[in-house]
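A.B. asks: My questions all concern the structure below.
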Amino acid sequence: MQDRYFYAPREGHGLKHNPIASIVGPRPIGWISTVCEDGSLNLAPYSFFGIFNYAPPIVAFASAGMKDTLRNAIRQGEFVVNVVTQPLAQAMNLSSSSIVGSEFELTQLESAPSTRIATPRVAASPVSLECQVLEDFPLRDRQHDPVGSHFLLAEVIGVSIERTLIVDGVFNWGQTRTVVRAGGAADYHWIGADNLLRMRRPD
């Protein structure tokens, strides 16, 4: 038996569950709130999400198809990224449902006003990023054919953090118990101070 398992993604992985999302992970979850055209609030999690620049901070997420979150963000030109913590995990999972109506009502979550944009944040989330859209474009494969997903880039223009998470002038990330997507069919992890590894970059 060979000591490596190889597969070409276009030819299928041959396993019970596609491993690529587990290999490139765990992934942060962008729990994104937007405002619909009728004024109702939308909330949905995106684990194809990340930060891609430091100053100014630029975040991005990919959407499989033109879903409500993407459509709302493009139309409004803004959205809020709410950090998912362990106590909010079940609500986050429920908000991924395909429903008619507001996920805020479905999850019984309260909204709170943002500071720099009109889109509200999740009141119970300890950290939120207020974002203005920079650009969006369809993702394409190596033959330049559209793959059905869209990529949206946005600049973070406001950051809201619960004061208890700032200790001696430093954001105490380990206290938040941030939930991340592990890639399995139903797998998530939370990250805390007990699994912190500190390594300073070489000079």
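The values are calculated or read from the model by the stated rules, or taken from the named source; none is laboratory data. Remember, predicted model here, so these are calculated numbers, not experimental data. Because the Cβ atoms are built from the backbone with ideal geometry, glycine has one as well, and the counts that use them run over all protein chains shown.
A.B. asks: Restricting attention to segment 1-29, which residues are more than 22 Å from the chain's Cα centre (by Cα) and either within 20 Å of TRP190 (Cβ to Cβ) or charged (D, E, K, R) (or both)? Please lay out each step first, then the result.
C.D. replies: If we filter segment 1-29 for residues that are more than 22 Å from the chain's Cα centre (by Cα), which is where we start, we get 1-16.
Hits for segment 1-29 are ASP3, ARG4, ARG10, GLU11, LYS16.
A.B. asks: Take the conditions under 16 Å from the mean Cα position of the chain (by Cα) and surrounded by fewer than 21 Cβ atoms within 10 Å (Cβ to Cβ) and apply them to ILE58. Does it pass? So that I can check it myself, show each step before the final result.
C.D. replies: Working: under 16 Å from the mean Cα position of the chain (by Cα): yes; surrounded by fewer than 21 Cβ atoms within 10 Å (Cβ to Cβ): yes.
Yes; evaluated as a whole, the condition is true for this residue.
A.B. asks: Something else about it: Inspect all residues belonging to segment 108-127 and state whether any of them is in contact with a His (Cβ under 6 Å, 6 or more places away or on another chain), among the small types (Gly, Ala, Ser) and not in a strand (DSSP E or B).
C.D. replies: Residues of segment 108-127 in contact with a His (Cβ under 6 Å, 6 or more places away or on another chain): none.
Looking for residues that are in contact with a His (Cβ under 6 Å, 6 or more places away or on another chain), among the small types (Gly, Ala, Ser) and not in a strand (DSSP E or B), one finds none in segment 108-127, hence no.
A.B. asks: Of the residues that make up segment 164-172, is at least one out of contact with any helix residue (DSSP H, G or I) (no Cβ under 8 Å at 6 or more places or on another chain), modelled with pLDDT of 95 or more, at negative phi and surrounded by fewer than 16 Cβ atoms within 10 Å (Cβ to Cβ)?
C.D. replies: no
A.B. asks: Next question. Using beta carbons and a limit of 9 Å, which pairs, at least six apart or on different chains, have the first residue in segment 50-72 and among the charged types (D, E, K, R) and the second one assigned to a loop (DSSP other than H, G, I, E, B) and surrounded by fewer than 17 Cβ atoms within 10 Å (Cβ to Cβ)?
C.D. replies: If the second residue must be assigned to a loop (DSSP other than H, G, I, E, B) and surrounded by fewer than 17 Cβ atoms within 10 Å (Cβ to Cβ), the pairs left are ASP68/CYS36; ARG71/CYS36; ARG71/GLU37.
A.B. asks: Does segment 94-124 hold any residues that are at pLDDT below 95, over 18 Å from the mean Cα position of the chain (by Cα), among the small types (Gly, Ala, Ser) and exposed (fewer than 15 other Cβ atoms within 10 Å of the Cβ), and which are they?
C.D. replies: GLY101
A.B. asks: Have a look at LEU196, LEU152, LEU139 and point out the one that is without any contact (Cβ under 8 Å) to a residue 60 or more places away in the chain and either more than 27 Å from ARG116 (Cβ to Cβ) or surrounded by 14 or more Cβ atoms within 10 Å (Cβ to Cβ) (or both). Break it down into steps so the answer makes sense when it comes.
C.D. replies: Numbers: LEU152 fails: without any contact (Cβ under 8 Å) to a residue 60 or more places away in the chain; LEU139 fails: without any contact (Cβ under 8 Å) to a residue 60 or more places away in the chain.
It is LEU196.
A.B. asks: Cβ contacts < 9 Å: first residue assigned to a helix (DSSP H, G or I), restricted to segment 7-32; second residue among the β-branched types (Val, Ile, Thr), any location; separation 6+ or different chain. Result?
C.D. replies: Qualifying pairs under 9 Å: PRO9/ILE20.
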